[in-house]
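Input: a single structure, listed below in structure tokens.
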Amino acid sequence: MSQFQLYFELGYKHILDIKGFDHILFVIALCAIYVARDWKKILILVTAFTIGHSITLALATLNIVKVNSNLIEFLIPVTIAITAFANILKPKPSNSRGIQLNYIFALFFGLIHGLGFSNYLRSLLGREASIFQPLLAFNIGLEVGQLAIVAIFLIASSLIVGLIGVNRKEWTITISSIVLGMAIMMMIDTKFW
């Protein structure tokens with residue numbers, strides 16, 4: 001197996017790991033207010049998360065940034081809860097062409113999520129002469145995994161909202177409330193004090 005393929009699969013599996021479902025919850029929270037016709041906005045959103053994730057993953061892997069891992073494990077569900085709560089307050093995306101709040105959440109909170117995986121990746125990359133290709137492969141795998149989550153979520157949303165006829169606002173609030181509840185439980189489980 002090539003080095004690129006190895007790290008690509010690591011990134012892909014990292015985002016889809018059901019045992020570490022925090023990333024899945026975050027991506028669902030980010031996308032909960034959108035429908036399939038918003039695919040361009042969703043692509044920007046997912047890419048913003050990957051960029052944020054990539055920046056801190058690289059900085060932490062290179063030992064430029066060091067943060068208490070217990071704090072990060074607590075902040076990850078906090079980011080999920082904030083995003084889900086924002087959806088409950090405003091269950092539809094704005095129609096303006098400006099930068100939407102979810103884009104800021106995706107980029108900024110992606111920075112926090114990137115720190116969560118950095119210790120493990122740093123231990124894997126410790127033997128590598130150059131980390132550029134492994135980090136690139138990992139982040140491409142991460143992006144593909146996120147797009148898979150988005151596709152599954154949008155198909156489910158389309159079926160429930162489009163075919164079954166559930167009100168879109170109610171669907172967004174219901175999904176966001178479930179994610180918020182799960183995030184609060186994760187925060188209680190991972191308190192760092």
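Determine if segment 76-84 includes at least one residue that is surrounded by 19 or more Cβ atoms within 10 Å (Cβ to Cβ) and either more than 27 Å from Ser158 (Cβ to Cβ) or more than 14 Å from the chain's Cα centre (by Cα) (or both). Give the derivation first.
So in segment 76-84, the residues surrounded by 19 or more Cβ atoms within 10 Å (Cβ to Cβ) come out as 76-77, 79-81, 83-84.
In the following step, the residues that additionally are either more than 27 Å from Ser158 (Cβ to Cβ) or more than 14 Å from the chain's Cα centre (by Cα) (or both) were identified as 76-77.
Yes, the conditions are met somewhere in segment 76-84.
Assuming Phe4 fulfils every condition listed in (1) outside any helix (DSSP H, G or I); (2) more than 19 Å from Leu154 (Cα to Cα); (3) modelled with pLDDT of 90 or more apart from one, which condition is it?
If we test Phe4 against (1) outside any helix (DSSP H, G or I); (2) more than 19 Å from Leu154 (Cα to Cα); (3) modelled with pLDDT of 90 or more, just (1) comes out false.
Would you say Ser130 is of a type in the set (S, T, N, Q) and not in a helix (DSSP H, G or I)?
Details: of a type in the set (S, T, N, Q): yes; not in a helix (DSSP H, G or I): yes.
Yes.
Among the residues of segment 55-70, is there at least one that is more than 12 Å from the chain's Cα centre (by Cα), part of a helix (DSSP H, G or I) and of a type in the set (D, E, K, R)?
No, segment 55-70 contains no residue that is more than 12 Å from the chain's Cα centre (by Cα), part of a helix (DSSP H, G or I) and of a type in the set (D, E, K, R).
Of the numbered conditions (1) farther than 22 Å from Met185 by Cα; (2) assigned to a helix (DSSP H, G or I); (3) open to solvent by 30 Å² or more (accessible area, probe 1.4 Å); (4) in contact (Cβ under 8 Å) with a residue 24 or more places away in the chain, Lys92 satisfies every one except a single condition; which is it?
Status for Lys92: all satisfied but (2).
Considering segment 148-164 alone, what residues qualify as being open to solvent by less than 70 Å² (accessible area, probe 1.4 Å) and not β-branched (Val, Ile, Thr)? Before the answer, list the steps.
Going residue by residue through segment 148-164, those that are open to solvent by less than 70 Å² (accessible area, probe 1.4 Å) are 148-151, 153-154, 156-158, 160-162.
Ala148, Ala151, Phe153, Leu154, Ala156, Ser157, Ser158, Gly162 - these are the residues of segment 148-164 that are open to solvent by less than 70 Å² (accessible area, probe 1.4 Å) and not β-branched (Val, Ile, Thr).
Open to solvent by 10 Å² or more (accessible area, probe 1.4 Å), closer than 22 Å to Leu75 by Cα and in contact (Cβ under 8 Å) with a residue 40 or more places away in the chain, is that true of His14? Before you say what the answer is, go through the steps one by one.
Working: open to solvent by 10 Å² or more (accessible area, probe 1.4 Å): yes; closer than 22 Å to Leu75 by Cα: yes; in contact (Cβ under 8 Å) with a residue 40 or more places away in the chain: yes.
Yes: the conditions hold for His14.
Hey, Arg122 hits all of (1) open to solvent by less than 40 Å² (accessible area, probe 1.4 Å); (2) farther than 15 Å from Ile80 by Cα but one; which does it fall short on?
All conditions are met except number (1).
The values are calculated or read from the model by the stated rules, or taken from the named source; none is laboratory data. These numbers come from a predicted model, not from an experiment. Methodologically, a virtual Cβ is constructed for each residue, glycine included, from the backbone with ideal geometry; neighbour enumeration extends over all protein chains shown. Heavy atoms of the whole protein, side chains included, go into the accessibility calculation; ligands, DNA and RNA do not. Shrake-Rupley method; radii C 1.70, N 1.55, O 1.52, S 1.80 Å.
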